[in-house]
């Protein structure tokens with residue numbers, strides 16, 4: 001794994017454990033500063049007819065709102081800030097890994113676990129706030145009371161598996177692509193081929209130059225577009241699953257809240 | 001006949017492990033676990049990728065079929081397909097994570 005990481009940028013005085021700022025935190029700070037700066041610049045001079053940066057951000061946010069309306073319906077509108085922030089941040093972090101010399105913070109398990117935990121706790125909070133603790137817990141018990149001892153552990157495990165799968169999906173996809181790039185670049189001998197091409201011998205220039213050219217064309221023409229596609233797709237999937245979880249936490253309320261009432265009264 | 005074939009296959013599988021284990025026997029942490037973990041990581045990823053491809057192919061086939069029948073609902077079908085693909089793919093990603101733990105972290109030596 002040394003191939004796809006580099007030495008930490010910021011070092012700390014010795015009394016701060018562990019003595020340095022990990023790189024994924026540094027790059028996350030970078031993305032935070034850039035995104036916050038862009039958002040601030042876009043909202044600095046808001047006009048009725050948008051232009052420039054404000055126009056761009058309005059288009060992006062309208063796309064998110066369209067997505068929320070499609071998946072969650074109009075009651076999903078209040079969660080636009082959470083969902084759009086998650087989407088923009090994860091997309092930026094994914095794309096940052098494609099800049100040569102930089103690490104994508106999403107290739108570190110800690111980053112993805114942090115976002116997955118944010119999603120986990122927030123959708124439970126939203127569910128509890130929407131329908132109260134007792135009603136929310138009742139959904140874990142299953143449809144009939146004598147199934148509750150069976151359903152409760154299953155529901156708990158399935159809810160605990162959600163942040164795990166969110167974490168590992170994003171992490172595995174991003175780090176798998178990075179290992180692929182690293183293998184193509186370093187283990188298949190791009191350095192050796194380029195060195196051969198520059199060594200001065202005629203046959204070395206032909207073989208090494210051609211081999212290096214093929215490898216670079218393959219990487220830039222095929223692997224990079226693939227990785228850009230995967231970056232967008234994984235951010236989309238993360239946001240989409242977040243919306244589904246929140247919609248599930250809210251929707252239960254209407255089902256159980258509205259259906260038994262006509263039957264009882 | 002079949003049993004001898006299986007034994008021969010197992011022997012072929014075991015040879016690289018033995019050969020790898022015996023070369024650096026002096027500084028090795030001991031045992032076949034290191035070489036076998038490399039072998040297992042590769043085979044696990046191969047099986048996972050193949051079976052995941054079968055599952056995703058089935059999902060994509062029926063999604064494309066549905067989109068061809070009802071082009072009006074293509075956007076919703078595509079969204080559902082992408083979510084399903086992500087959920088199927090995450091199983092192969094689990095195997096990838098396990099393989100990477102076996103290769104890079106090596107908790108058992």
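Some notes on this structure:
- Qualifying residue in region A:24-46 (condition: in contact (Cβ under 8 Å) with a residue 40 or more places away in the chain, more than 14 Å from every other protein chain (Cβ to nearest Cβ) and over 20 Å from residue A:232 (Cα atoms)): yes
- Within region A:209-247, tally of residues that are surrounded by 20 or more Cβ atoms within 10 Å (Cβ to Cβ) and at pLDDT below 90: 1
- Filter result (away from chain B (no Cβ under 11 Å) and closer than 17 Å to residue A:241 by Cα) within region A:163-196: A:163
- Among the residues of region A:122-159, just one is at positive phi and exposed (fewer than 15 other Cβ atoms within 10 Å of the Cβ), namely A:132.
- Counted residues, region B:29-58 - those being touching a helix residue (DSSP H, G or I) at 6+ places or on another chain (Cβ under 7 Å) and within 14 Å of chain A (Cβ to nearest Cβ): 7
- Subset of region B:69-85 (residues that are touching a helix residue (DSSP H, G or I) at 6+ places or on another chain (Cβ under 9 Å) and away from every other protein chain (no Cβ under 14 Å)): B:70
- The set of residues in region A:219-246 being in contact with a helix residue (DSSP H, G or I) (Cβ under 8 Å, 6 or more places away or on another chain) and more than 12 Å from chain B (Cβ to nearest Cβ) consists of A:219, A:223, A:226, A:227, A:228, A:231, A:246.
Conditions (1) out of contact with any strand residue (DSSP E or B) (no Cβ under 8 Å at 6 or more places or on another chain); (2) on the phi > 0 side of the Ramachandran plot; (3) touching a residue at least 40 places away in the same chain (Cβ under 8 Å), marked per residue:
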| site | (1), (2), (3) |
| --- | --- |
| A:188 | yes, no, no |
| A:200 | yes, yes, no |
| A:208 | yes, no, no |
| A:217 | yes, no, no |
| A:220 | yes, no, no |
| A:228 | yes, no, yes |
| A:231 | yes, no, yes |
| A:237 | yes, no, yes |
| A:242 | yes, no, yes |
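- Test: residue in region B:86-109 that is at pLDDT 90 or above and either away from chain A (no Cβ under 14 Å) or over 21 Å from residue A:175 (Cβ atoms) (or both): no
- Residues being closer than 22 Å to residue A:251 by Cα and part of a helix (DSSP H, G or I) - total across region A:50-73: 9
- The single residue among A:111, A:107 that is buried (at least 20 other Cβ atoms within 10 Å of the Cβ), within 14 Å of chain B (Cβ to nearest Cβ) and within 17 Å of the chain's Cα centre (by Cα) turns out to be A:107.
- Any hit, region A:33-44, residues being more than 19 Å from the chain's Cα centre (by Cα), closer than 24 Å to residue A:179 by Cα and part of a loop (DSSP other than H, G, I, E, B): no
- Residue selected from region A:74-99 under the condition in contact (Cβ under 8 Å) with a residue 24 or more places away in the chain and not in a helix (DSSP H, G or I), by the criterion surrounded by the most Cβ atoms within 10 Å (Cβ to Cβ): A:97
The values are calculated or read from the model by the stated rules, or taken from the named source; none is laboratory data. Bear in mind that the values here come from a model prediction, so they are computed numbers and not experimental data. All Cβ positions, even for glycine, are placed from backbone atoms using ideal geometry, and neighbour counts span all protein chains on display.
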